[in-house]
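The values are calculated or read from the model by the stated rules, or taken from the named source; none is laboratory data. What you are looking at is a predicted structure, and each value in this text was computed from that prediction instead of being measured. As a convention, Cβ positions derive from the backbone with ideal geometry for all residues, glycine included, and neighbour counts pool all protein chains shown.
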Amino acid sequence: MDKGRRSSGAGGTERKSQSEKPSVLLRMTALTLICSSGDLSIRSAMEEDTRMLARWRSDPKVIQFYSGRDRPLDEEGVRRHYFGRETDPGASRVEEYQPCILEVAGRPVGFLQFYRILREDALRFGFAPEERTFGIDLFLGETDLWGQGLGARSIDLLCEFLKRERHADRVMADPRVDNPRSVRAFEKARFRKARRLEGHEVFEGVPRDCWLMVR
Ligand SMILES: CC(C)(COP(=O)(O)OP(=O)(O)OC[C@H]1O[C@@H](n2cnc3c(N)ncnc32)[C@H](O)[C@@H]1OP(=O)(O)O)[C@@H](O)C(=O)NCCC(=O)NCCS
């Protein structure tokens with residue numbers, strides 16, 4: 001699955017959009033909460049998040065690691081990509097797809113998504129197809145928060161939710177080998193490297209190796 005969907009800036013001085021005002025966000029979180037622990041919450045992404053997602057998905061600092069600088073998304077792109085699945089050919093590759101927003105103490109800081117791995121992909125990855133395997137991806141759109149443990153904590157929180165509420169037998173991720181911070185964040189969240197996937201992701205025009213990581 002495409003990393004933009006699957007498988008992909010901060011702008012702290014930028015004027016916040018209407019949809020990012022705290023009272024509106026508090027209400028949105030209450031309505032769409034998926035799971036939470038301490039100050040971390042994961043909620044469903046909604047069309048109201050479009051402007052924020054476009055800001056993140058067009059920030060070169062973010063997309064040089066996620067999706068690629070050759071594939072920025074503007075608001076129309078975000079709408080099509082995350083909220084217009086019926087028109088997205090990539091959507092047929094996954095089931096139970098859920099785009100999510102990560103919040104810290106009510107502040108939206110990043111994006112996660114999860115989806116059920118289909119039978120043919122499960123077989124390709126060497127998983128028993130009757131088992132429930134979910135795939136996850138993420139990025140922290142607020143780049144000043146990188147490297148403080150938020151990635152590992154939010155991955156762990158989402159995995160616990162998938163096991164408990166979605167009866168996942170396994171959660172997988174496929175970070176690029178050349179993205180060691182992401183690989184390390186998954187390892188901190190108790191993922192292990194299962195296999196190197198050669199040329200698995202075409203990133204900025206070049207096929208790159210990825211780690212198949214499982215928990
Ligand atoms: C990947 C990402 C979600 C991780 O979240 P995070 O909060 O920054 O990560 P954490 O702080 O939980 O863990 C990062 C770990 O990587 C380590 N790290 C950072 N740079 C590293 C490098 N170049 N080589 C090896 N380890 C590195 C950190 O030291 C930390 O490990 P430690 O706690 O043992 O010291 C976040 O950095 C991000 O959004 N990056 C850009 C988008 C991206 O890469 N998405 C993933 C696509 S698969």
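Restricting the search to region 176-188, which residues are under 17 Å from LYS61 (Cα atoms) and within 7 Å of the ligand (Cβ to nearest atom)? Of everything in region 176-188, those that are under 17 Å from LYS61 (Cα atoms) and within 7 Å of the ligand (Cβ to nearest atom) turn out to be ARG176, ASN179, PRO180, ARG181, SER182. Contact map, region 34-61: residues that are assigned to a strand (DSSP E or B) paired with residues that are of a type in the set (Lys, Arg), Cβ distance under 7 Å, separation 6+ or inter-chain. Pairs shown: ILE34/ARG43; LEU40/ARG153.
Is it the case that region 157-166 has a residue that's more than 8 Å from the ligand (Cβ to nearest atom) and outside any helix (DSSP H, G or I)?
Kept after step one, since they are more than 8 Å from the ligand (Cβ to nearest atom), are these residues of region 157-166: 157-166.
From what's left, outside any helix (DSSP H, G or I): 166.
Yes, some residue in region 157-166 is more than 8 Å from the ligand (Cβ to nearest atom) and outside any helix (DSSP H, G or I).
Under the condition of being touching a strand residue (DSSP E or B) at 6+ places or on another chain (Cβ under 8 Å) and near the ligand (Cβ under 6 Å from one of its atoms), the residues counted in region 138-156 number 6.
Within the span defined as region 144-163, one or more residues are at pLDDT 95 or above, of a type in the set (S, T, N, Q) and surrounded by 22 or more Cβ atoms within 10 Å (Cβ to Cβ).
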